[in-house]
Every structure is written in structure tokens, then in C-alpha cells.
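For reference, the structure discussed in these notes is given below.
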Amino acid sequence: MTIIVRRPALTDAAGAGMAAALIARHHLGDRVDDAYWRDHGEEAEVQRWHDIFLSPLHGTRIALALTHRRVVGICAMAPVGRNDRSGELAARERELFYFGVLPDFATDDLYQRLLDFVVADRGPVQAWVWRDDRTIRRFLRLNGFTLDGMSLSDPETGLEYSRLVR
């Protein structure tokens, strides 16, 4: 099966949203309540990615992994403001704000292709990663990311996140 990695077009928003919703369901499952899924389900994800593709922040880089026109992975990096989502000073000027692959397509090779497309040699970057997402945490560590000691609890889900930097 051939998987291509490329920049998104606006017409990819629905596919990206559906993939993001499936990835979230896989990772979060029953760890969050039904109210969360009403606000963050497929429809909300499609709208979110449409908005991102339509008006990206200057400096945003996004890669989609597709097979037979189906989005199976997403990696996205954007500039961070002075303060990041923790409310503290950002450790880096850029942040991976999304990095996920559908479970049936998740391989180290595909994760690497997505990360290289978005980050490559563009300097320091940070990522907030769910503490229980061992796959992404391990993969980022293999790519030179380290925990910097910052963590936060998502107020909507109660899930704990740790910041990794490179």
C-alpha cells in the first residue's frame, strides 16, 4: 500500500477532520465522557481543520499522510506565542500542535516521514504530549526530544500532558 505525505489542500479538511476524530477516539476512548464527544467529535474536527487550512498562522507547516485519498495521518507545527498552552513562557518558538496516525497505519517510518516533512531542520520545537501516549512519546524521544519538566492537566478531559522539547 502506497502512502504519500504532502501539504494539505482546503479540500482535505473533511478527511483530516475524520482522521483526527478517529485518532482521538482510539486514544481517548472511554477516558472522557459523552459531553466531550458532542463538542469534539467528527463534525467539530472537520470544522477545526477547515479553519486551520483556510487561515493558517504565518509559519504553520502541516503534512498529511494519504492512501487512496484517505487521510491516515497528520503532523502540524505552528508558531507559539510568548506563552504556551500551560500559561508559562514557551520553551520554543514553534510547537507540534498535532501529531497522529490511524492505528492501522502507524509505523515508525510513517511517523518519521510526517515529522521530517513538518519539522526537518527548522530548529527548536516543543510538543505537549498526553502522558499515556507511549507511542508518540517514544518516537519523539528517538528524534531528540526530551521532557523539560513542564506538565498540565487539560481542563476539559482531566488528562495530563507533558512538554517535550528539542
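The values are calculated or read from the model by the stated rules, or taken from the named source; none is laboratory data. Only a predicted model underlies this, so the values are computations on that prediction, with no experimental measurement involved. Positions of Cβ are backbone-derived with ideal geometry, glycine not excepted, and every protein chain shown enters the neighbour counts.
Hey, can you tell me all the residues within the range 65-88 that are under 16 Å from the mean Cα position of the chain (by Cα) and farther than 17 Å from residue 103 by Cβ? Explain how you work it out, then say what you get.
The first filter runs over the range 65-88 and keeps only residues under 16 Å from the mean Cα position of the chain (by Cα), leaving 65-66, 71-80, 84-85.
Within the range 65-88, 76, 77, 78, 79, 80, 84, 85 meet the criteria.
May I ask you to verify whether residue 51 is out of contact with any helix residue (DSSP H, G or I) (no Cβ under 9 Å at 6 or more places or on another chain) and among the acidic types (Asp, Glu)? Walk me through it before giving the result.
Values: out of contact with any helix residue (DSSP H, G or I) (no Cβ under 9 Å at 6 or more places or on another chain): no; among the acidic types (Asp, Glu): yes.
The answer is no for residue 51.
Which residue out of 131, 61 is touching a strand residue (DSSP E or B) at 6+ places or on another chain (Cβ under 7 Å), charged (D, E, K, R) and more than 25 Å from residue 5 (Cα to Cα)? If you could, list the steps in order and put the result at the bottom.
On the way: 61 fails: more than 25 Å from residue 5 (Cα to Cα).
Result: 131 is the single residue among 131, 61 that is touching a strand residue (DSSP E or B) at 6+ places or on another chain (Cβ under 7 Å), charged (D, E, K, R) and more than 25 Å from residue 5 (Cα to Cα).
Under 8 Å between Cβ atoms, which residue pairs at least 6 apart in sequence (or on different chains) link something in the range 73-102 that is without any contact (Cβ under 8 Å) to a residue 12 or more places away in the chain and under 20 Å from residue 50 (Cα atoms) with a partner that is buried (at least 22 other Cβ atoms within 10 Å of the Cβ) and of a type in the set (Ser, Thr, Tyr)?
Hits for this filter: zero, empty list.
So if I check each of 145, 139, 99, which one is among the aromatic types (Phe, Trp, Tyr), crowded, with 17+ Cβ neighbours inside 10 Å, farther than 19 Å from residue 81 by Cα and in contact with a Lys or Arg (Cβ under 7 Å, 6 or more places away or on another chain)? Walk me through it before giving the result.
Numbers: 139 fails: in contact with a Lys or Arg (Cβ under 7 Å, 6 or more places away or on another chain); 99 fails: in contact with a Lys or Arg (Cβ under 7 Å, 6 or more places away or on another chain).
Unique residue meeting the criteria: 145.
Consider residue 140 carefully, then state whether it is in contact with a Cys (Cβ under 7 Å, 6 or more places away or on another chain) and either assigned to a helix (DSSP H, G or I) or acidic (Asp, Glu) (or both).
On the way: in contact with a Cys (Cβ under 7 Å, 6 or more places away or on another chain): no; either assigned to a helix (DSSP H, G or I) or acidic (Asp, Glu) (or both): yes.
No: the conditions fail for residue 140.
Checking residue 135 against (1) at pLDDT 95 or above; (2) farther than 14 Å from residue 95 by Cα; (3) of a type outside the set (A, V, I, L, M, F, W, C), which test does it fail?
All conditions pass for residue 135, except number (1).
Condition check: outside any helix (DSSP H, G or I) and in contact with a helix residue (DSSP H, G or I) (Cβ under 9 Å, 6 or more places away or on another chain). Does residue 96 satisfy that?
Working: outside any helix (DSSP H, G or I): yes; in contact with a helix residue (DSSP H, G or I) (Cβ under 9 Å, 6 or more places away or on another chain): yes.
So residue 96 passes the test.
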